[in-house]
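Worksheet: one structure, shown below.
The values are calculated or read from the model by the stated rules, or taken from the named source; none is laboratory data. Only a predicted model underlies this, so the values are computations on that prediction, with no experimental measurement involved. Every residue, glycine among them, receives a Cβ derived from its backbone with ideal geometry; neighbour counts consider all protein chains shown. Please note that ligands, DNA and RNA were not included when accessible areas were found on the heavy atoms of the full protein model with its side chains. Shrake-Rupley method; radii C 1.70, N 1.55, O 1.52, S 1.80 Å.
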Amino acid sequence: MAHREPLNDLDLTRWREYNDLLTDSLWLLGRRDNNGVHSPEYWGNFVPQIPNQAIRRFTRRGELVIDPFMGLGTTLIEAVQLGRYGIGIDLKPECVHEVRQRLLRVDDSSTRWAILEGNSCAPETAERVCQQMRMWGFTQAHLLILHPPYHDIIRFSNDPQDLSNASSEEAFLERFEQAVKNFAPMLATGRFLVLVIGDKYTRGEWIPLGFYAMERVLRNGFRLKSICVKDIQENRGKRGQHHLWRYRALRHNFYVFKHEYVMFFEKVKG
């Protein structure tokens with residue numbers, strides 16, 4: 001069997017020392033880590049612990065991480081702080097401006113990070129990312145982290161290109177898959193795509209959005225390695241309303257969402 005280079009910088013002769021690295025599929029992370037330049041202000045922000053775990057497990061220092069749905073830059077901040085290169089893309093100019101200001105406080109040389117305003121479902125945006133990769137001397141990326149909107153649970157903008165404004169679940173999934181098609185070719189074979197996503201309710205029905213999105217990734221040259229279930233702490237929309245939501249659940253025969261998925265895919269072809 002051919003020797004395979006490790007995907008990370010871990011010294012497995014000292015594996016007992018990595019107590020903070022998760023290896024089980026139930027992630028009880030608690031409240032988000034808002035240390036340093038991270039911010040809890042943006043609805044839909046995911047916790048920094050997720051990209052921190054993924055970057056440390058599946059990349060080495062000096063490698064490239066790409067986040068096509070950047071938001072307030074959680075992935076990029078972790079990537080730069082961990083000594084990786086990072087490219088982030090977002091539709092909203094205010095997000096692009098805010099993340100740039102935050103990253104300048106982490107690395108004011110801006111030689112290891114790049115932020116692009118654009119639509120990740122558009123091929124021209126993918127080409128701009130490839131141009132940035134070539135400027136740095138990368139032929140391929142080493143990790144993709146995707147944290148798209150969970151369709152219309154939160155409307156992030158009025159932009160019709162925004163995935164949160166897709167007219168239906170099917171339209172959302174088609175556009176999400178187009179983003180996967182745009183970025184999958186950038187990822188080296190044998191490297192990982194991480195999808196962070198949850199499900200939703202519509203008209204009293206549980207919509208397994210996470211699993212629908214999982215299927216779209218699988219048919220684009222990936223195999224599923226793990227599905228981790230992460231706890232959701234009380235969000236802004238439900239803050240202080242625990243008893244109300246418990247009553248609604250009992251009255252209307254449903255269960256309140258307290259989890260989302262962190263799915264790990266390995267690229268096997270393409």
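Provide, for the chain, the number of lysine pairs with alpha carbons under 17 Å apart, each pair being eight or more places apart or on different chains.
Taking the chain as the scope, the lysine pair count is 9.
Considering only Ala188, Ala179, Ala141, give the residue with the highest GNM mean-square fluctuation for the chain, with springs between Cα atoms whenever their separation is below 10 Å.
Ala188
Give the accessible surface of the chain per residue, rounded to a whole number of Å², with probe radius 1.4 Å and ligands, DNA and RNA excluded.
Value for the chain: 51 Å² per residue.
Could you tell me, in Å, what Rg and Dmax come out for the Cα atoms of the chain?
18.4, 59
Tell me the volume per residue, in Å³, of the convex hull enclosing the alpha carbons of the stretch 195-269.
Working: hull volume 6.9 nm³, N = 75.
It comes to 92 Å³ per residue, whole-number rounded.
Calculate the radius of gyration of the Cα atoms of the stretch 57-119 to one decimal place, then report Dmax, the largest Cα-Cα distance, as a whole number, both in Å.
10.7, 31
Report the gain in length on full extension from Arg203 to Glu124: 0.36 nm times residue separation, minus Cα-Cα distance, nm rounded to one decimal. Show your work: numbers first, answer last.
Values: separation 79, 0.36 × 79 = 28.44 nm, distance 3.65 nm.
Working it through step by step, the gained length comes to 24.8 nm.
Leaving out ligands, DNA and RNA, what percent of the accessible area of the chain is carbon and sulfur, probe 1.4 Å? Write out the running numbers ahead of the final one.
Working: 6900 of 13840 Å².
Carbon and sulfur: 50 percent of the exposed surface of the chain.
Give, in whole angstrom and from largest to smallest, the semi-axes √(5λ) of the equivalent ellipsoid of the stretch 114-199, with λ running over the eigenvalues of the Cα gyration tensor.
Values: eigenvalues 121, 43, 22 Å².
Semi-axes (√(5λ), whole Å): 25, 15, 10.
What is the dipole size for the chain, taken about its Cα centre, with +1 at each Lys and Arg Cβ and -1 at each Asp and Glu Cβ, in debye to the nearest 20?
Its charge dipole is roughly 540 debye.
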